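Each remark here refers to the structure printed beneath this line.
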Amino acid sequence: MTMLLAAPALLLIAVVFGWPMLRYAWLSFHADSVLTGLEPVANGGANWLRLVADQRFWLDAGQTARFALISVGLELLLAMAIALLLHQRWRGRGAVRALTLLPWALPTTMMALGWRWIFNTPYGPIEVLVRSLGLNSLDLLSTPSITWLVTVFADVWKTTPFITLILLAGLQSIPEDLYSAFRLEGGTPLQGLRRVTLPLLLPYILLSLLFRLAQAFGVFDLVQVLTGGGPAGSTESIALYAYLNGMRFLDFGYSATVMLAGFLLLTALILAGTLLLRSCGLLRPLDR
Amino acid sequence: MTLQLRAINKRFGKRQVLNQLCLDVANGECVALLGASGCGKSTALRLIAGLDHPDQGSIRINGAEMVDVPAERRRVGMVFQSYALFPHLNVWENLELGLRMRGGTAGARDERIRSVLEVLQLSGQARQRPSQLSGGQRQRVALARALLRDPLVYLLDEPMSNLDAQLREDLRPQLRRLMIGGEQPVVYVTHDQQEAMALADRIAVMREGCIEQIGTPRELYLQPASTYVAQFIGRPQMNLLRAKDGVITGIRPDDLRLDSAGSPCTILSREWFGANQMLLVRCDRGDLRLVCPGETEIEAEPRVSWPSASEHHFDAVSGRRLPSD
Amino acid sequence: MNLRRWLAGGALALVMALGALVGSASFRAEEVSILMPSSFTDASADLVKAFNREHRGRIHLKLIRGPLNTESISDLAISSLLLGDAPFDALLMDVTWLPKYAAAGWLEPLDPWFDPGDEEQLVQGARLGNNYDGHLYRWPLVADVGLLYWRTDLMDQPPTTPDALVNIAGQLVQSQAVANGFVWQGRQYEGLSCDFLEVLQGFGGDWMDTTTNTMELDTPAATAAAGWLNDLIRKGVSPYAVTNYAEAESLQAFKAGDAALMRNWPYAWAELQKDDSKVKGNVGIGLMVAQPGERPGATLGSWGLSLMRQSEHQKAAVEAIRYLTSESAQRARFLNNGYTPIQADLFNDPEMLKASPVLPDLLVALNHAVVRPPTPLYAQLSDVVQRELNGLFTDAESADEAMATSQQRSQTLLRAAGATP
């Protein structure tokens, strides 16, 4: 009976997720490019062998992981601070709550275009400001060691509100009585943050972590618009590389391979993270 | 006098929640704060605990002024209506948390927790999470935590209102054995007059931020200071007759009797409880509740009367009790 | 098991069913649609009206207004072509797409409809980049080549050699006559490949030999070309910011009077003559510099119309293509929108010359046009070069390294794609 009730949902997942996955898997063992007249021709594991030796893919994988881990980490810290602030009662809180959400409501491409203009050298406002202070040009978008931080910054700016929202919902689900009880037990409010708030918020933290990691690992539009993967490929993500292979180079076999490999890496990353958390005993609140 | 509240004022926004509240609770005494929701009884408790700060007034425990002492240093043991157990900790950890924060050796801690679990018959549940416990068990864990606090005052905030009637009756003796009648003053907040009468040495009936009347259950039952108190204490409720010449007359349902020489009435409804029964009858003075022994035969058109000595008189405007002559 | 075919089959059946319905109802004009970037549809509105008036009842031409950005319209076209039955009969194509699209089998050869006589009328630069594998697949709409813009108020003659450019621009910067010497396109994108190709040609190098599929990126000429570009930045002849410049940013800087020299396309000329331009009337057009004895190069841009293999209205579509590329259409587009014509004799036309004094300079540049490697794998190869060059500029690599890596990566790509044994 349960299976019967779940069947429509499972079917939907199978159609929108499973089928494309299977198709990618199948395609990754074929050459399907302009050179084969866009007809799939089985080529054994040639795509996968190429992937293993493809320095650019591994570079992109590293860059993608770096981007995802650091942005999500920063977002989490920032969102926690903002959520705690917004959870307090103060005048004008409602308006600020609404304002905080604005960046999230903005389409990514629009936001990225905006930042691209703001950070551009030499006419962007930041650059104008820096030079009016008599400092050297920052070249934020054309310095490989810095530009990736700009993409992190843009992502943090955009998606911190999303995590804030989840954490705020979590904070509101914690009964006030627990804090009262904790204080009467002799704990200070600061200790309460560590011993009551954090453990009870953990499921929400993990949820947003999982969700955002998956999203950040698949980053595409932000990078595509803000930097196009440059300078010198230093901000190229796996998704962007897969897109280039498919839509620009018309090499669908390899594009599918890159996409699938990215998915496998993400799964591995999340699995490793879960195991790590479990070994630290951090996942207990979820095991009810 | 070990707990003293003097002229406490508290307002939330525009609402005056407590208005010049004064209260004394002696060592080992249990005072119940009784009243409808919103009368300020829970706020009074939170002020005593230090969870809220009064606008004016003084709170003393054993003579020491407490108003500016933060909650974590006040040494009060509180039991919440929601129990407020930490859902991410098991029973043992819930009890250990406070002890740990307050210091002491691990050995002493374990010993105390073990013995309190024993007393409350929770030894088997030590490793369970609150979500795995029954309502009664959670309630007992909350009691255990308050006991381990070594408090100067016990504060009980509707501790049994989430339990069914049977469990409440079972828990009352435990409460009495463990908390009430010991060294400490106990403040017990409830909206259930029966519970208040069963447990409290004195009852303070609260209304709109003030104590309407405070006294022993007996005093409140026999000499209610107002129609409000009269209706709050005693079940079924006191009958209040229509005002006549500026005076409201009240008669307890138990003081009414069937009397062939009394006023004629019609029966509106009848509830039979076994040992006794309650009739709702209509007579020329209004509708009356009447309690009589269960086996009494009831005629179709009974007549009722009451001894005038059992009448209570209240001012029709203020609701205040009028002195009996 | 082929999704495209399935979808194509379904769509075809649907179209046929609809066609039967429509056909039985009345004689309808043949509907021809062409997908173009919005700038071209906007510039062609009057021509389309005229065409439809002349062909009333026979052909109805509709232009599909695509995105302005070259890459965006490529994505749109490719997406619809992959789905099997594209909703357009012809497509306005960038020169670099042609080998890829032709190899993918999406294009119909135009040889039956155009003869050598037609081709002889074209200016030299417009004859390039239209063929693949011995067939004509594209008929040019506008000519487009890379140009060197120079400030007539800052110098008497534009530099013609790399050294001269460095000297002139360097001195102007040093004497603080102008903020920047030479602005170009150093961002990691296709524009960088175009700039590089011009310099490469000027240093006597070549990108690849497409007949043998041999890469020539690690030759001394290629390394020298890359090194020269890098030195422009290192020596302050070009601002470091060019490493993130596309055409728009270069134009912005030059138009604001902040640069002495600019590499850009012909469209920039009209922009620089507008009233908000600080250099209006002080701009000349020349060719990219070349080492003494080498032939300067001007990278061929250019857009042209291609016929879709799956079009059901090929004859009508060709008629529309001919109309849109006719002499009068070229004239109108040049006079109204500043698009460079493709027909040689128009460059000597008095009416045209009156409208633009730089037409002869454009003709010179068009005669020096060089094409980017006409291979279906060009996008990959260009991507490698963009990445390595941008890395050279921003990451302090050496030109030797960058070009050696470019060479090696390009060859790996060719091998992986099966293009070389």
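The values are calculated or read from the model by the stated rules, or taken from the named source; none is laboratory data. These numbers come from a predicted model, not from an experiment. Virtual Cβ from ideal backbone geometry, glycine too; neighbours counted across all protein chains shown.
Tell me, please, whether a residue that is within 14 Å of chain C (Cβ to nearest Cβ), among the basic types (Lys, Arg) and either surrounded by 14 or more Cβ atoms within 10 Å (Cβ to Cβ) or within 30 Å of C:Pro239 (Cβ to Cβ) (or both) can be found in segment A:57-76.
Within segment A:57-76, not a single residue is within 14 Å of chain C (Cβ to nearest Cβ), among the basic types (Lys, Arg) and either surrounded by 14 or more Cβ atoms within 10 Å (Cβ to Cβ) or within 30 Å of C:Pro239 (Cβ to Cβ) (or both).
Condition (residue is hydrophobic (A, V, I, L, M, F, W, C), more than 13 Å from chain A (Cβ to nearest Cβ) and either in contact with a Cys (Cβ under 8 Å, 6 or more places away or on another chain) or not in a helix (DSSP H, G or I) (or both)) applied to segment B:107-121: is it met by at least one residue?
Yes, segment B:107-121 has at least one match.
Which of the residues belonging to segment B:143-166 are farther than 24 Å from B:Thr2 by Cα and either touching a strand residue (DSSP E or B) at 6+ places or on another chain (Cβ under 6 Å) or in a loop (DSSP other than H, G, I, E, B) (or both)?
Result: B:Met160, B:Ser161, B:Asn162, B:Leu163, B:Asp164.
Filter segment C:237-252 down to the residues that are over 22 Å from the mean Cα position of the chain (by Cα) and closer than 18 Å to A:Leu140 by Cα, then identify the one that is nearest to the other protein chains (Cβ to nearest Cβ).
Per the stated criteria, the residue is C:Ala241.
Scan (1) hydrophobic (A, V, I, L, M, F, W, C); (2) assigned to a strand (DSSP E or B); (3) over 19 Å from B:Leu163 (Cα atoms) for the single condition B:Leu97 breaks and write down its number.
With (1) hydrophobic (A, V, I, L, M, F, W, C); (2) assigned to a strand (DSSP E or B); (3) over 19 Å from B:Leu163 (Cα atoms) applied to B:Leu97, the lone miss is (2).
Where in segment A:40-133 are the helices (runs of 4 or more DSSP H), entirely inside, with at least 3 residues that are in contact (Cβ under 8 Å) with a residue 12 or more places away in the chain?
In segment A:40-133, the matching helices (runs of 4 or more DSSP H) lie at A:46-53, A:55-87, A:93-105, A:108-118.
Look at B:Leu45 and say whether it is within 14 Å of chain A (Cβ to nearest Cβ), at negative phi, touching a Leu at 6+ places or on another chain (Cβ under 6 Å) and outside any strand (DSSP E or B).
Considered against the rule, which asks whether it is within 14 Å of chain A (Cβ to nearest Cβ), at negative phi, touching a Leu at 6+ places or on another chain (Cβ under 6 Å) and outside any strand (DSSP E or B), B:Leu45 comes out as yes.
Any residue that is surrounded by fewer than 22 Cβ atoms within 10 Å (Cβ to Cβ), part of a strand (DSSP E or B) and within 18 Å of the chain's Cα centre (by Cα) - is there at least one of those in segment B:167-185?
No; the residues of segment B:167-185 include none that is surrounded by fewer than 22 Cβ atoms within 10 Å (Cβ to Cβ), part of a strand (DSSP E or B) and within 18 Å of the chain's Cα centre (by Cα).
Please return the ranges of helices (runs of 4 or more DSSP H) entirely within segment A:180-287 where 1 or more residues are within 14 Å of chain C (Cβ to nearest Cβ).
Correct list: A:221-226, A:238-243, A:252-279.
Among C:Ala17, C:Ala45, C:Ala29, which is in the same structural domain as C:Val95 (by TED's automatic domain parsing), farther than 26 Å from A:Gly246 by Cα and modelled with pLDDT of 90 or more?
The conditions single out C:Ala45.
Here's a check for you: in segment A:13-28, which residue that is over 24 Å from A:Leu210 (Cβ atoms) and crowded, with 18+ Cβ neighbours inside 10 Å is farthest from the other protein chains (Cβ to nearest Cβ)?
Here the answer is A:Ser28.
Just to verify a result, which residue in segment B:55-73, among those that are surrounded by 22 or more Cβ atoms within 10 Å (Cβ to Cβ) and at pLDDT 90 or above, is farthest from the other protein chains (Cβ to nearest Cβ)?
So the residue we want is B:Ile59.
Would you check if A:Ala31 is within 13 Å of chain C (Cβ to nearest Cβ), in contact (Cβ under 8 Å) with a residue 40 or more places away in the chain and surrounded by 14 or more Cβ atoms within 10 Å (Cβ to Cβ)?
yes
Conditions (1) modelled with pLDDT of 90 or more; (2) within 11 Å of chain A (Cβ to nearest Cβ); (3) farther than 16 Å from C:Trp303 by Cα; (4) crowded, with 16+ Cβ neighbours inside 10 Å, marked per residue:
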residue: C:Leu63; (1), (2), (3), (4): yes, no, no, yes
residue: C:Pro67; (1), (2), (3), (4): no, no, no, no
residue: C:Thr70; (1), (2), (3), (4): no, no, no, yes
residue: C:Ser79; (1), (2), (3), (4): no, yes, yes, no
residue: C:Leu83; (1), (2), (3), (4): no, no, yes, no
residue: C:Phe88; (1), (2), (3), (4): yes, no, yes, yes
residue: C:Leu92; (1), (2), (3), (4): yes, no, no, yes
residue: C:Trp97; (1), (2), (3), (4): yes, yes, no, yes
residue: C:Tyr101; (1), (2), (3), (4): yes, yes, no, yes
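Would you point out the residue of segment C:287-322, among those that are of a type in the set (Asp, Glu) and out of contact with any helix residue (DSSP H, G or I) (no Cβ under 6 Å at 6 or more places or on another chain), that is farthest from C:Gly105 (Cα to Cα)?
C:Glu319
Residue by residue through segment C:52-61, note down the ones that are surrounded by 14 or more Cβ atoms within 10 Å (Cβ to Cβ) and either small (Gly, Ala, Ser) or assigned to a strand (DSSP E or B) (or both).
Residues satisfying the conditions are C:Ile59, C:His60, C:Leu61.
Go through segment C:182-200 and give me each residue that's within 14 Å of chain A (Cβ to nearest Cβ) and within 19 Å of C:Val279 (Cα to Cα).
Across segment C:182-200, the qualifying residues are C:Val183, C:Trp184.
Residues B:Ala243, B:Ala230: which one is surrounded by 15 or more Cβ atoms within 10 Å (Cβ to Cβ) and under 21 Å from B:Pro323 (Cα atoms)?
Just a single option satisfies the conditions, and that option is B:Ala230.
From the list B:Gly209, B:Gly250, B:Gly246, B:Gly215, which residue is of a type in the set (Gly, Ala, Ser) and without any contact (Cβ under 8 Å) to a residue 60 or more places away in the chain?
Result of the check over B:Gly209, B:Gly250, B:Gly246, B:Gly215: B:Gly215.
Any residue in segment C:372-385 that is within 7 Å of chain A (Cβ to nearest Cβ) sitting within a Cβ distance under 6 Å of a residue that is at pLDDT 90 or above and buried (at least 23 other Cβ atoms within 10 Å of the Cβ)? List the pairs, counting only those 6 or more apart or interchain.
That search, which allows pairs on different chains as well, returns C:Pro376/C:Pro99; C:Pro376/C:Lys100.
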